[in-house]
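The values are calculated or read from the model by the stated rules, or taken from the named source; none is laboratory data. Predicted model, so just to flag it, every value in this text is computed and none were measured. When we count neighbours, we look across all protein chains shown, and the Cβ atoms used for this are built from the backbone with ideal geometry, even at glycine.
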Amino acid sequence: MAVGVLCAVQGTAESILVQAMEGSGGRLSVTRRCADLTELLAAAEAGLGTLAVVSVDLDQLDRESVDLLHRAGVRIVGVADPARPWLAERLTSFGADLVVDAPGDEADASDVVRDALRVLDAAVHDRTRELPVQSPGALGAPAAPGAGPGPASERGSVVAVWGPTGAPGRTTVAVNVAAELAAGAPTLLVDADTYGGCVAQVVGMLDEAPGLAAAARAAGQGTLDVTTLARLSPTIAPDLRVLSGISRADRWPELPSSSLEPVWSVARSLARWTVVDCGFCLEQDEILSYDTRAPRRNAATVSALEAADLVLVVGSGDPVGIQRLVRGLGELTDQGLGSSRVVLVNRVRASVAGPRPAEAVARALARYAGVTDAILVPEDRPALDTALLEARTLREVVPGSPARRALAAVAARVESTLSSGALVG
Ligand SMILES: Nc1ncnc2c1ncn2[C@@H]1O[C@H](COP(=O)(O)OP(=O)(O)O)[C@@H](O)[C@H]1O
Ligand SMILES: [Mg+2]
């Protein structure tokens with residue numbers, strides 16, 4: 001049976017290519033000639049073809065659209081203008097399966113058909129590998145020059161801070177652990193909470209910085225490099241940069257996971273430590289997920305957790321908080337996330353956990369979650385209030401406070417876990 005081809009090629013190459021494909025001995029059949037990207041994506045989702053042949057300069061063609069085509073089970077062959085090689089490189093970096101020069105005549109066009117058939121054959125023979133969920137280009141190498149991954153030893157680590165619903169203190173932990181890590185090496189603090197991100201406010205950033213949404217946009221267009229990411233993340237203390245979150249909760253569709261993966265990758269080149277404050281929710285909406293184009297509100301959190309070398313899991317030290325933490329740990333495991341994790345119980349206090357709160361919490365965690373090495377952070381309202389009021393970190397304003405000492409110990413655990421390379425599961 002002929003493979004259905006969706007053709008979105010502009011200019012004179014289009015008719016030459018269509019002819020060549022129709023003359024391919026019945027192996028390829030053009031099922032739709034698309035005028036623009038919208039039509040191409042719609043045809044792909046309707047299952048009208050398994051190969052897309054597209055001009056590399058098709059309007060709005062970006063990393064996300066390549067990702068969407070792949071998820072719809074469509075392979076992508078880009079057709080490039082040899083005079084503008086950077087467009088070909090860009091589409092390759094987005095994860096296109098093949099990019100060829102636009103054919104000038106019939107002979108060139110049959111070469112293109114032959115190469116496209118090879119791509120399809122490779123896909124069929126390679127049965128062990130499913131169609132990529134993310135574009136291959138998004139997984140490792142950022143697109144722009146200068147942002148290429150360095151040797152593994154020079155790449156920074158990503159630490160995601162996650163915790164269940166109920167405001168257990170994810171932001172408090174992310175901000176203060178980042179501040180501690182920054183005392184030793186360049187650190188980037190990222191607000192990826194799509195429900196109520198407030199890192200910028202907590203650290204006293206007055207200007208509305210474009211932050212993570214702008215970085216994701218640049219990544220989607222293939223222009224995110226270390227310099228751009230640095231420009232988007234102002235320095236608020238020596239060696240501490242902040243990539244602020246979306247300023248309004250309804251802007252979450254601006255953070256698709258396909259654009260965030262390159263952000264984490266470039267962040268590893270910018271900073272030794274990237275600390276990501278995540279949202280609480282891991283649910284992937286089943287109904288929405290039928291629609292491969294629907295953005296997902298939890299994509300930012302899930303993408304950070306997937307990228308993370310270590311996850312700090314934060315729970316609250318009261319009975320409800322512990323129960324949510326135990327469930328949250330199970331949820332992470334079920335979704336295959338956070339295999340390297342450090343568990344933290346925050347706001348530990350006698351008034352709700354009994355006269356020996358630390359022992360009670362440790363016992364409950366060992367019994368219900370099998371966690372025996374959690375770090376406990378005491379309730380410390382005066383210290384947190386001082387920091388909030390001044391919009392500074394604990395390290396800066398109340399260095400001797402109990403909460404700061406405990407959070408410094410968390411940072412030390414992060415350093416020792418990731419610096420020695422001895423990851424514990
Ligand atoms: N150890 C602590 N002692 C006292 N208050 C805390 C502590 N940790 C966090 N808080 C307070 O709890 C509230 C919620 O913390 P936050 O970090 O914003 O939670 P989340 O990011 O999980 O929603 C904030 O008012 C914060 O100051
Ligand atoms: Mg928060």
(message) Can you confirm whether Gly137 is surrounded by 17 or more Cβ atoms within 10 Å (Cβ to Cβ) and at pLDDT below 85?
(response) yes
(message) Filter region 251-281 down to the residues that are part of a strand (DSSP E or B) and within 16 Å of ligand 1 (Cβ to nearest atom) and list them by number.
(response) Val275, Val276, Asp277, Cys278
(request) Filter region 45-67 down to the residues that are closer than 20 Å to Asp121 by Cβ and small (Gly, Ala, Ser), then identify the one that is farthest from the chain's Cα centre (by Cα). (result) Gly49
(message) Looking at region 389-401 only, could you name the residues that are within 11 Å of ligand 1 (Cβ to nearest atom) and surrounded by 15 or more Cβ atoms within 10 Å (Cβ to Cβ)?
(response) Leu394, Ser401
(request) Those residues that are of a type outside the set (Lys, Arg), under 26 Å from the mean Cα position of the chain (by Cα) and assigned to a helix (DSSP H, G or I), I need them from region 90-117; list them, please. (result) Leu91, Thr92, Ser93, Phe94
(message) Checking the conditions here, which among Ala406, Ala383 is without any contact (Cβ under 8 Å) to a residue 40 or more places away in the chain and either charged (D, E, K, R) or in contact with a Ser or Thr (Cβ under 6 Å, 6 or more places away or on another chain) (or both)?
(response) Ala383
(message) Checking the structure you have, find out if any residue of region 250-257 is surrounded by fewer than 24 Cβ atoms within 10 Å (Cβ to Cβ), under 15 Å from Ala174 (Cβ atoms) and assigned by TED's automatic domain parsing to the domain that holds Leu394.
(response) no
(request) Using the structure shown, decide if Arg84 is buried (at least 20 other Cβ atoms within 10 Å of the Cβ) and farther than 15 Å from Met21 by Cβ. (result) no
(message) Against the definition (surrounded by 23 or more Cβ atoms within 10 Å (Cβ to Cβ) and not in a strand (DSSP E or B)), how does Ser65 come out, yes or no?
(response) yes
(message) If I go through region 90-104 residue by residue, how many of them are in contact with a strand residue (DSSP E or B) (Cβ under 6 Å, 6 or more places away or on another chain) and either within 19 Å of Ala72 (Cβ to Cβ) or basic (Lys, Arg) (or both)?
(response) 4
(request) Identify all residues within region 194-235 that are surrounded by 22 or more Cβ atoms within 10 Å (Cβ to Cβ), on the phi > 0 side of the Ramachandran plot and in contact (Cβ under 8 Å) with a residue 40 or more places away in the chain; write none if there are none. (result) Gly222
(message) For a quick check of your reading: which strands (runs of 3 or more DSSP E) sit entirely within region 302-388 and have at least 3 residues that are away from ligand 1 (no atom under 14 Å from the Cβ) and in the same structural domain as Pro168 (by TED's automatic domain parsing)?
(response) 341-348
(request) May I ask you to list the residues in region 172-196 that are over 16 Å from the mean Cα position of the chain (by Cα) and among the small types (Gly, Ala, Ser)? (result) Ala174, Ala178, Ala179, Ala182, Ala183, Gly184, Ala185, Gly196
(request) Give me the pairs, please: first residue somewhere in region 326-349 and within 10 Å of Val313 (Cα to Cα), second residue anywhere and among the charged types (D, E, K, R), beta-carbon distance under 6 Å, and either six or more positions apart or on two chains. (result) Val342/Arg413
